[in-house]
Amino acid sequence: MDDASTSTLSIRLDELEGAGLVRRRTFNETPPRVEYTLTREGDELRKRLFALSKFAARKLDD
């Protein structure tokens, strides 16, 4: 995501968290650190989207 601005990335992560697809964990450190992980629902969506992208790639090869 090198080409995404930090504000855009922050907005998208907030939206994904609000949708229940990622979990945000903050650490009380200096400098501050935040980690995002997929929820169970987010991981299920990841698997389904990966399968869909494989299907689409096969169709493009036809």
**Report entry** Residue identified as exposed (fewer than 10 other Cβ atoms within 10 Å of the Cβ) and of a type outside the set (A, V, I, L, M, F, W, C) among THR30, THR37
**Finding:** THR30
Query raised in the report: Which of (1) loosely packed, with under 11 Cβ neighbours inside 10 Å; (2) charged (D, E, K, R); (3) assigned to a helix (DSSP H, G or I) does ARG25 not meet, given it meets every other one?
Result: (3)
Query raised in the report: Do any residues in the stretch 1-30 that are more than 15 Å from ARG46 (Cβ to Cβ) and modelled with pLDDT of 95 or more have Cβ atoms under 7 Å from those of residues that are charged (D, E, K, R) and exposed (fewer than 12 other Cβ atoms within 10 Å of the Cβ), where the two are at least six apart or on different chains, and which pairs are they?
Result: ARG25/GLU35; PHE27/ARG33
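The values are calculated or read from the model by the stated rules, or taken from the named source; none is laboratory data. Keep in mind that this is a model prediction, so the values were computed, not measured. No Cβ is skipped: glycine too gets one built from the backbone with ideal geometry, and neighbour counts run over all protein chains shown.
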